[in-house]
Amino acid sequence: MSGTGFGASVPRVEDYRFITGQGRYTDDITLPGQAYAYVLRSSVAHGTLRRIDTSAASSAPGVIGVFTAADLQADQIGNLPCAWHTTNVDGSARFDPPHPVLAGERVRHVGEPIALIVAETLMQARDAAELIECDIDDLPAVATIERAIAPEAPCLWQQAPGNVAFHWRSGDLDATERGFAKAAHIARLDLINNRLVCNPMEPRTATGAFDGGKAEFTLYLSTQTPHIERLLLAKATLRAPESKLRVVSPDVGGGFGTKAQHYPETVLVLWAARRLGRPVHWAADRSEGFVSDRQARDHVTHVELALDAEGKFLALRVDTAANLGAYFSTFGPLICTFLYSSVLCGNYAIPVGCCDVRGIWTNTVPTDAYRGAGRPEAIFVIERIVDQAARDLGIDRAELRRRNLIRSDQLPWKTPFGFEYEPSDYPALLARALELGDYAGFEARRAQSKAQGLLRGIGISCYLEAGGEGPSALYLASGGGVGMFEGATVRVNPSGSVVVLTGTHSHGQGHETTFAQLVCERLGVPIEQVDIVHGDTGRVQYGIGTLGSRSLALGGSAIAMAIDKIIAKGKRIAARVLEASETDVEFQSGRFSIRGTDRGLAFQEVAFLAHAPAAWPCNEIEPGLEEKAFFDPPNFVFPAGAHICEVEIDPETGKTRFTAYAVVDDFGAILNPMIVDGQVHGGLAQGIGQALLEQCVYDPDTAQLLSGSFMDYTMPRADDLPSFTTDYINFPSPNNVLGVKGCGEAGTIASPPAVIGAVLDALAPLGVTDIAMPATPHAVWQAIRAAAQKGLAVPM
């Protein structure tokens, strides 16, 4: 099995059905008698809903039902929950505003659902929606943090004066102040982390069905977290027993965090199916996704770094305002507080720090997780302030990092914010990245570009991530509503083929390949005889799902633990059949044998015997060969690395072109190098998109979304990206069974500061010291022209 086991670059077995059009997504599922739903959404950002008249729509051709908030209230449908609780600095509880499935008395952002129309066809539902009369009295709206916290700003929630949802703090304020008091230099920087729209390839989709005879619901949903959806439906919104709820998540075309939330449409299709006695299907179009999918990032931060006379870091002080949107999303407060602080010190030996976060209400779509989820925002802060400190002190950026990186002999390292980093070698990762990026030869290349009238720059980014979302004890103690363990069941059929039922979910990660490789490695079963089942709460006992680079670290560990139980039982069976002591039976390369002899049984033989108890004496051994396991990690995993980005800028157009991009990562044990490379490349593409292209823009006066389509929201294309050079220096994690660290989000976390650092380095000769993301050609061109107006010549 060496060609398909741990460490082999096995091509993804699931890709055949995708590239041949045989994937089965939620929108491909059509149930008998299925009706189609359309959601009428608010066209204003803030207003009082005075009247809604659905009479004309209800009598329109093909319409089966038109429903409003009053109908949901009559059936006692609950509000959308927030699964993360934060406490204010003074110890007081925050105010949790109600988040209705359908708006009743007031709308608070463009795109908020107002009514549900169900008809025989989607077009009939759309046409009927045009007949609904809504009287909404406009109220003043705020879209940005700056306007929301202004003294004269309108208040979204009267219980949250100044539009401050909470004021959260981590770290030691007094110790941090003492650290700053000793500083020889203090670097300061104001940063904006731009708002993003996720835009997965497959828009959100949901189909609800209800079996009246059994009072059972079935939900087909494009989600990353089927069991969490079932839990929230049971406890908060639909309020049906979990035993009566089945969530099926078939093939999913990308999630990136935005499909891990509990959305209104999920509740609506199930409730409407029960109400109408027919399956109800809803699918967002791309424009609808722009105003209804949870958005991300959107921070305004002031950061200060204290250094001594030798450039050693003494203390870190961070003050961030996070735009939450109009409501708490499912995990929104988690992203900008707990996860944000987890890597805020980066890879550096910073002894003390203090982080203040204020959540701010605005009349915008709620924000939540997007690839990296708080970690990209944090690494952007620390890497940008390190660059600023190097610039202030006239120290080479790489050298300042070398002086302050945590050494391998200092690990594990406890950060000022309570997180404990695991073994790695941050200086070695940086050194290898500098070598791959030919940092030493950069100035010669800069001179060549200058001779051609171009500006060349190089950027550095060190990063780490708190991944493998867990452990449960830390999550529950810090504000989480559920434990973050993961489960798996391994079932061996009489023929020796294996079925793995995993609580994680695959939406592009390649689990059907990597998890099968794990089985091949441990049981010696051909990969063709391994079936991976996920995304069905009716088949899989329980699991949290896929998010936060946790699938292999937690889900894979649970599978490995279940396999160990399978092997242990197999040894007992083999010992009885071979008439040997269990302690003398060993298992290697798919065979149970008596140590020191040639007597043994193949795994397939033992699998058959486990299901044929009459063939051997097994009174004390239960028939069958199936085991389950749950894994709850003792700590996060901390993948780490360094990026070197090199760019060339045309000063006449502001266009940035990549000339090189080198990445060195520590991902612990690597199961499938090819899939890991793909994950890194995908993460880089999304991070580069944020740095140079993507920005969600609202009108500052009306809070209308101005970037509501791909005409106005620029997604990265293949010709926007460079060829990437990747390498790995891996240190196994002690925090899970497999020693893995996770790789899915690393590229997105580290790339924005590397790219912006390179752009600023290119513009530095002109006197440009800052540029906000995205550094579009227009933004760069404006920065160059502003520098020229100050009397600095632009190279031609």
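The values are calculated or read from the model by the stated rules, or taken from the named source; none is laboratory data. The structure displayed is predicted, hence computed values, not measured ones. Counting neighbours? That spans all protein chains shown, and the Cβs are built from the backbone with ideal geometry, glycine included. Surface areas here come from the heavy atoms of the whole protein model, side chains and all, with no ligands, DNA or RNA. Shrake-Rupley method; radii C 1.70, N 1.55, O 1.52, S 1.80 Å.
Projecting the Cα atoms of Ala580, Tyr542, Phe603 onto the charge dipole of the range 485-631, computed from C-beta unit charges around the Cα centre, puts Tyr542 farthest toward the positive end. A Förster radius of 45 Å combined with the Cβ-Cβ distance from Ile186 to Asp90 puts the calculated FRET efficiency at roughly 0.95.
Taking label positions 7 Å along the Cα-Cβ direction at both Leu476 and Asp396, the computed distance is 5.1 nm, reported to one decimal.
Nearest-5 percent of antiparallel DSSP beta bridges in the range 485-631? Numbers along the way, then the final one.
On the way: 18 of 22 bridges.
So the antiparallel bridges amount to about 80 percent of the total.
With the charge dipole of the chain set up from +1 on Lys and Arg Cβ and -1 on Asp and Glu Cβ about the Cα centre, the Cα lying farthest toward the positive end among the listed residues Phe731, Gly325, Gly208 is that of Phe731. Its alpha carbons give the range 642-732 an Rg and a Dmax of 16.9, 52 Å. Computed extension length for Asp712-Ser55: 232.9 nm, one decimal, from 0.36 nm per residue of separation with the Cα-Cα distance subtracted. Taking each residue as 0.36 nm, the span from Asp211 to Glu152 lengthens on full extension beyond its C-alpha to C-alpha distance by 16.0 nm.
Of the peptides 623-633, 359-369, the ranking by mean beta-carbon count within 10 Å, highest at the top, reads 359-369, 623-633.
Using +1 on the beta carbon of Lys and Arg, -1 on that of Asp and Glu, and nothing else charged, what's the dipole of the chain about the Cα centre, debye to 20?
Numbers: 67 positive and 91 negative charges, 99 e Å.
For the chain, the charge dipole is close to 480 debye.
When the Cα convex hull of the chain is projected onto planes of every orientation, the mean area is 37.1 nm². Pairs from the table (Lys565/Lys628; Lys450/Lys655; Lys214/Lys244; Lys414/Lys741; Lys235/Lys628; Lys312/Lys741) lying more than 20 angstrom apart at Cα are Lys235/Lys628; Lys312/Lys741. The Cα trace of the range 485-631 gives Rg and Dmax of 15.7, 48 Å, the first to one decimal, the second as a whole number. For the range 563-640, the fraction of C-alpha pairs more than 20 angstrom apart is 36%. Ordering 700-713, 38-51 by mean Cβ neighbour count within 10 Å, with the highest value first, yields 38-51, 700-713. Using a cut-off of 11 Å between beta-carbons, work out the net charge of the residues near Asp531 (Lys and Arg +1, Asp and Glu -1, Asp531 not included). Local net charge: -1. Label-to-label distance, Ser581 versus Asp135, with points set 7 angstrom from Cα along the beta-carbon direction: 8.9 nm. Here the range 240-365 is treated as a Stokes sphere of Kirkwood radius computed over C-alpha pairs; at 25 °C and 0.890 mPa s its diffusion coefficient rounds to 134 µm²/s. Taking θ as phi - 60° and the Karplus parameters 6.51, -1.76 and 1.60, the scalar couplings of the range 666-675 work out to 10, 10, x, 5, 10, 7, 9, x, 5, 5 Hz in sequence order, x denoting glycine and proline. The stretch between Asp699 and Asp409, if pulled fully straight at 0.36 nm per residue, gains 99.3 nm over its current Cα-Cα span.
Say the dipole of the range 629-782 comes from +1 at the beta carbon of Lys and Arg and -1 at that of Asp and Glu; which of Gly678, Ala762, Gly747 then lies farthest toward its positive end? My answer, from the dipole projection, is Gly678.
Taking all protein chains together, Glu146, Glu694 sort by accessible area into Glu146, Glu694, largest first [probe 1.4 Å]. Lys450 sits with roughly 140 Å² accessible to a 1.4 Å probe, with DNA, RNA and ligands left out of the calculation.
What is the distance in Å between the Cα centres of the range 272-313 and the range 3-27? Each part reduced to its Cα centre gives a spacing of 29 Å.
The helix-only estimate of mean residue ellipticity at 222 nm for the chain, built from DSSP H runs of length n ≥ 4 each weighted as -39500 (n - 2.57), is -8000 deg cm²/dmol after division by the residue total. Distance between the 7 Å Cα→Cβ label points at Arg599 and Gln76: 6.6 nm. Looking at the range 360-490, the pairs of alpha carbons with a distance over 23 Å make up 54% of the total.
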